[in-house]
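The structure is given below, and queries will be raised subsequently.
The values are calculated or read from the model by the stated rules, or taken from the named source; none is laboratory data. Just so it is clear, the model here is predicted, and its values are computed rather than measured. Cβ sites come from the backbone with ideal geometry, for glycine too, and all protein chains shown count toward neighbours.
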Amino acid sequence: MELAGGSFPVVPEAELYRSIQAVLPRETDGGQSPACSNKGMLRWTLHKKVQNNPVNSLSLVWVLIKELEKAERCDSRKCIIPLLHTLMYAIIQAAYIPDDLYKRVYDFCKRLLTYPQPYCSVGLSYTRQIKAERLVPGLMYQRMLTAEQRLKNEHYPFQERVFVLADPEVFSGSLIPALFDEASAGLNRLDHMCNVVQHTIQASLGEECHGSKLAHVLKKGQDIEPYFQEVQAVLEQMAEEGSKREGGALRTQIQQLYREIFSHADSEPLCGGPLCDCPLPNPEMSFHLWTEDLDIWRELTKWFRSSNMLEHFPSFCEDEDDFDFGDPLSTMIEVDMPRFSILSSDSGIEKDLPPGDDTFSVSSLDTNSPSPLGEPSNGRDFGKLSRRNCMKVKPSAESGRLIQETLEDGVSQAAGGGGDERRGTTLQRRTGANSVNFLKQQKPYTARIVIMGDDRVVGRLTKAYYLLKKREARRLYLTNKVSLQFYYIPVCTAQCCCSSVEKPLSESRDSCSLGSYLSNVDPWYNCNVKSLSPMIHNLAKMQPMNTGRPKDPFISDVISYYVRCGQQPVYFNIFFVKISFTREEKEAVEDVFVTHLDMEFPEFRHFIESIKGDKPKKVSAEFCGGVISMNYKKVTLSGRDVEKGLSVRTSRAQISAIPSNEAEDLNCLSLTLNEVSTKNKSTVVEPKIRSNNIKLRTLESRSFTVTLDRDSRRTYKDVQSVEISPCLDPGYFAHRTRTLKVDQDEQEAGLSKYMRKTLLLPINTFAGIIN
């Protein structure tokens, strides 16, 4: 806690206004422009400038709400979401905000509900938070700090953890200390409790509280935990009862606690004085290099088991004793069909015998039966009913929870065009948080997984997410306990940053295509997250000059801002690929990808590069690549997909799931062939083929190589054919398989037709997709 009026000067409103204007994204900002790259640093500087003086925080809130109302009048929608996120981040950390200012912010957020997506989604989220904060001042700060720092209490048993996974192919050498040295120890548990008590009393009493005197009393060595538990109980009780209590009930209870703290310190409480600022510390983070040994499922399980809040959820501990980590997840993708026991459709008792056959009513489960299972019996035993070893699967809470998880997201997906018959609206990428929140039950644990790297680390996350969902479909363990939130910080290698400008356009390739797409659809993501890549490289160069730990860790602060404010996901289709090889003894491999699949005939690589030049040359067909057959279903905006097939000679094919620009933002695959003009070329091929189901097969003795998500570690050689299709959600697949075991009717019924069928990868951003 820093005392007001110390070494932190008051910032004039005019200076705050200029700082805000410098942070806002402009129409002229490009993805790689220096001005855009500096906005993330300017936003960080703005919050650092005001966080240690309550007067500055309150002034910032006033300036921001004025700018929001001005943007509303001028219909400058591009500035609304950046200003709103900056405002809410300032409100959470502000020591005290008057009620009239709360009302002004609340009214503005309510007006956003009449706006289109994504403004209404962001407005709805913040309207609920401001309504609760206005009724119970300090509630957001208390809940956020309690969950992020894992403070044990009896009234708000929710915890969060940030897992930062960095790709070792990108983070090597000087980049490792630049990232990992920022994992500072931070404050201890008692300091966090003291901050909660201090902030809650100031937020409720405002000018009637003497902040500096209160901070001094709390630091004198009193037992702070009883006060912390009392604050938790009062705030959560008021939040639960809502407007049923009298308006001054909370204020009266906080005043009593305020006097009690001073009475135990043998001191008289002062009626008024300067407030003390309580900056919100960064959440608890763990930094990892994502090596082959790291398993996300195991890391989440270890964190869950080490929690100090398990006693609040007795049902979670019932299966702890017999639970085993099992086999590595890497072995699960080899078999697509999950293992199920033989199901019984009857009640589990012996079937009724025909009339007159009462003499044969001996149970087949009798252990004295002389005939072993499977051997034919002689004489009268031939008509005896026998029974296979099987099990009766009854509806359980686990299976119901798995269905609910798949059903919740599927409801909002169906609203935008779902079902088996694809309509034109399904080509629009799904975005935004699920609006059907009344179906969801808040999970006690939230794991915020932040990945840092290029497209390769996104591919690794996709595969790990698919395997995790597959394991949960077999046996539910984390699904009903942990909520997974994914965040992506694109960071390319230093060589790519230096050489991307020097390479010609034909040879340049964006190694962070998914990050570039997110920066195009969300300008605030571009300013604060995409611009972090060059900053990390600059910090790595400056690392030898800094002998001690940095006072203000920039990277950790940006990650904290991202995971706290980035709550609008953008969904990416995960595609399933089956790879068959030329050698018959080698079994087919099944894998998934989310960004790219590259197919290439390696023997033609050097030849094609040698004939490239200013003037295209026509050469013989046999030198231009191998002949492949393509069978695909061409997607159209009208939804009238057409089955097509052709044979073509090519040296390479690129299949991309990420659009290169906003004009081509369709939720499907784009296939591009690398063709060279030949002397006898007769087949006309479309320059870009759009489909979601593609099958490629070589028609010659030549084989090709396949690389997934541009990761050399996921390259397959001697490939004969590949089959690509949207990846089924393992939860839906498991439910559908169980249903077919009992009812052989292929037609979907009940909840099956409302469940999400395909698996999507949600990456959180600040706004989702701004049209």
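State which residue pairs qualify: first residue outside any helix (DSSP H, G or I) and inside segment 222-233, second residue aliphatic (A, V, I, L, M) in any location, beta carbons under 9 Å apart, and separation of 6 or more residues or different chains.
From segment 222-233, the pairs are GLN222/ILE261; GLN222/ALA265; ILE224/LEU190; ILE224/MET193; ILE224/VAL197; ILE224/LEU218.
Now a separate question. Among the candidates GLN567, GLN543, which residue alone is in contact with a Pro (Cβ under 7 Å, 6 or more places away or on another chain) and at pLDDT below 95?
Details: GLN567 fails: in contact with a Pro (Cβ under 7 Å, 6 or more places away or on another chain).
That would be GLN543, the only listed residue that is in contact with a Pro (Cβ under 7 Å, 6 or more places away or on another chain) and at pLDDT below 95.
Taking strands (runs of 3 or more DSSP E) that do not extend beyond segment 551-594, which have at least 2 residues that are under 29 Å from LYS48 (Cα atoms) and either in the same structural domain as VAL122 (by TED's automatic domain parsing) or touching a residue at least 24 places away in the same chain (Cβ under 8 Å) (or both)? Steps first, please.
Numbers: elements: 568-573, 575-581, 589-593.
Strands (runs of 3 or more DSSP E) meeting the threshold: 568-573.
Oh, and also: Would you confirm whether or not segment 722-731 contains a residue that is crowded, with 21+ Cβ neighbours inside 10 Å, modelled with pLDDT of 75 or more and assigned to a helix (DSSP H, G or I)?
The answer is yes; a qualifying residue exists.
Need pairs with beta-carbon distance below 7 Å; first residue outside the structural domain of ALA447 (by TED's automatic domain parsing) and within segment 461-479, second among the acidic types (Asp, Glu) and assigned to a loop (DSSP other than H, G, I, E, B); sequence gap 6+ or separate chains.
No pair meets every condition.
Something else now. For segment 70-99: of the residues being in contact (Cβ under 8 Å) with a residue 40 or more places away in the chain and assigned to a loop (DSSP other than H, G, I, E, B), which is farthest from THR200 (Cα to Cα)?
So, considering only residues that are in contact (Cβ under 8 Å) with a residue 40 or more places away in the chain and assigned to a loop (DSSP other than H, G, I, E, B), the one farthest from THR200 (Cα to Cα) is PRO98.
Now for a different question. Being among the polar types (S, T, N, Q) and modelled with pLDDT of 90 or more narrows it down to one residue among SER204, SER243; which is it?
SER204
Now for a different question. Tally the residues that are hydrophobic (A, V, I, L, M, F, W, C) and in a strand (DSSP E or B), restricting the search to segment 268-302. Please lay out each step first, then the result.
Of all residues in segment 268-302, those hydrophobic (A, V, I, L, M, F, W, C) come to 270-271, 275-276, 278, 280, 285, 287, 289-290, 294, 296-297, 300.
Imposing the further condition that a residue be in a strand (DSSP E or B) reduces the set to 276, 285, 287, 289.
Residues meeting the conditions: 4.
Something else about it: Run GLU154 past the list (1) of a type in the set (Asp, Glu); (2) part of a helix (DSSP H, G or I); (3) surrounded by fewer than 22 Cβ atoms within 10 Å (Cβ to Cβ) and report the number of the one that doesn't hold.
Failed condition: (2).
Looking only at segment 681-720, how many residues end up being of a type outside the set (Val, Ile, Thr) and under 26 Å from GLY453 (Cβ atoms)? Show your work before the answer.
We begin by selecting, within segment 681-720, every residue of a type outside the set (Val, Ile, Thr); these are 681-682, 686-688, 690-693, 695-697, 699-704, 708-714, 716-718, 720.
From what is left, the residues that are under 26 Å from GLY453 (Cβ atoms) are 708-714, 716-717.
So the answer is 9.
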